[in-house]
1. Beyond 18 Å between alpha-carbons counts as too far, so tell me which of Lys117/Lys150; Lys71/Lys161; Lys139/Lys161; Lys71/Lys132; Lys71/Lys150; Lys71/Lys104 fall in that bin.
2. Figure the gain on full extension for Ala156 and Asn126 (residue separation times 0.36 nm, minus the Cα-Cα span) and round it to one decimal in nm.
3. Please state the charge dipole magnitude for the stretch 38-162, taken about the Cα centre, from unit charges on C-beta atoms (+1 on K and R, -1 on D and E), reported in debye and rounded to the nearest 20.
4. Roughly speaking, what is the stretch gain from Lys77 to Asp134, that is 0.36 nm per residue apart minus the C-alpha to C-alpha distance, in nm to one decimal?
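Here, each number is a calculation from the coordinates, and none is a lab measurement. If you're wondering where the values come from, they're calculated on a predicted model, not measured in any experiment. FYI the Cβ positions are ideal-geometry reconstructions off the backbone, even for glycines, and counts take in every protein chain you see.
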Amino acid sequence: MEMNKQSRGQFLKTLGLSSKALMAFYCLGAVSACSKEDETVTPTTGGTDNTATGITGTTSGASVDYTIDLKNASYSKLTTAGEFVVIGDTLVANAGGTYIAVSKTCTHQGTTLAYRKAEGDIWCSNHGSEFKTDGSVEKSPATTALKTYKATFDGAANTLKIN
């Protein structure tokens, strides 16, 4: 039996609760550790047309090539500087008005990465590796750069092409 994985935020959304509204509750220690909400989205696994999810194209594997509809509610937050999402095998972030796309996994031990707005970098919560937005290693234990993808914004269509 295959099980679908959900982030904490997605689980709370299924309950009709806003995860950002509950962060203060978390930080008071009523639930578990205080941490930033992680957003993990895996809408497609192959060359599928998923216009209903706001993604068209291939989001994982050797030939990542997809388009994100930034008008879609799931991805509209990417129009705000400092926001990011994980889509398929990639982490896509609005790094201060410039879009970046890199491999979602740390090259040290495969942990899913996060974009940190305040530091302007990509961070691994497992052992503290840090990467620059160009994918290069900024702080070990990781020693290998992240795979990078081209991110092209189309303002007229309000889409972001990743390849």
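1. Pairs exceeding 18 Å: Lys117/Lys150; Lys139/Lys161; Lys71/Lys132; Lys71/Lys150; Lys71/Lys104.
2. Numbers: separation 30, 0.36 × 30 = 10.80 nm, distance 3.91 nm.
My answer for the length gained is 6.9 nm.
3. Roughly 80 debye for the stretch 38-162.
4. 18.4 nm
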